[in-house]
Amino acid sequence: MARRVSSESVVAGTICDRCGGVMRCAVREAIIEGRLRSEIESRCATCGNGWATCSDGPDDYVRSALLAAHGPSRLRVAGGPFDDDALLLGLLRRYDGGGLFEVKSKVTEVRTVGCIGTSVEMELLARVLRAAGYSVVVDGPSPGGQTGDTA
Ligand SMILES: [Zn+2]
């Protein structure tokens, strides 16, 4: 499972501070070496002015743009090695890094209605859970549809 999964969307950009043209802004989420990376890249078609930024983990701006463009994916745990929620809780905490209370409610969520995120986020979570022996179901757009190898 070394393949790189990414999802990209182009959103209406900001105004170029050099020439006043409209910049195209590409947002992207990718799984790189088992971690989620968020990238934003802006380029002005008129003068070539551009910038790019990337960060580890989810980014609200990137996330909402991808959700708006591709729609959400839903991940649900269909079965696991243990009935005990402790293992699942540990995996979600490691994946999410969120607070304990937040993640506890997510355990219930992921076992019942499923948790919602971008296709790339859910793909990454699915990998983590599958590696631990859980069977998971992911519904929604496939991140493989726009797989790219560009960095
Ligand atoms: Zn420009």
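Where a number appears in this text, it was derived from the coordinates with a stated rule and is not lab data. Bear in mind the structure is a predicted one, so any value in this text is a computation, not a measurement. Please note: Cβ atoms are built from the backbone with ideal geometry, for glycine as well, and neighbour counts cover all protein chains shown.
Data overview
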| read-out | value |
| --- | --- |
| Extreme residue, positive dipole direction of the chain, given options LEU67, LEU89, GLY48 (C-beta unit charges) | GLY48 |
| Projected label distance in nm at THR14 and CYS54, using a 7 Å step from Cα toward the beta-carbon | 2.0 |
| Region 7-70: relative contact order in percent, alpha carbon pairs under 8 Å with at least 6 residues between | 29 |
| Rounded if a/c under 1.5, otherwise prolate or oblate - the chain, Cα gyration tensor axes | prolate |
| Residues VAL137 and THR108, FRET efficiency given R0 of 22 Å [Cβ-Cβ distance, rounded to 0.05] | 0.85 |
| Relative contact order, percent, the chain [alpha-carbon distance under 8 Å, six or more residues apart] | 26 |
| Rounded FRET efficiency, nearest 0.05, which uses the C-beta distance separating ARG24 from ILE116 and R0 of 25 Å | 0.35 |
| Region 73-139: relative contact order in percent, alpha carbon pairs under 8 Å with at least 6 residues between | 57 |
| Cysteines not pairable in the chain (beta carbon separation under 4.7 Å absent) | CYS25, CYS54, CYS115 |
| Cα gyration tensor shape of region 1-82, rounded if a/c is under 1.5, else prolate or oblate by comparing a/b with b/c | prolate |
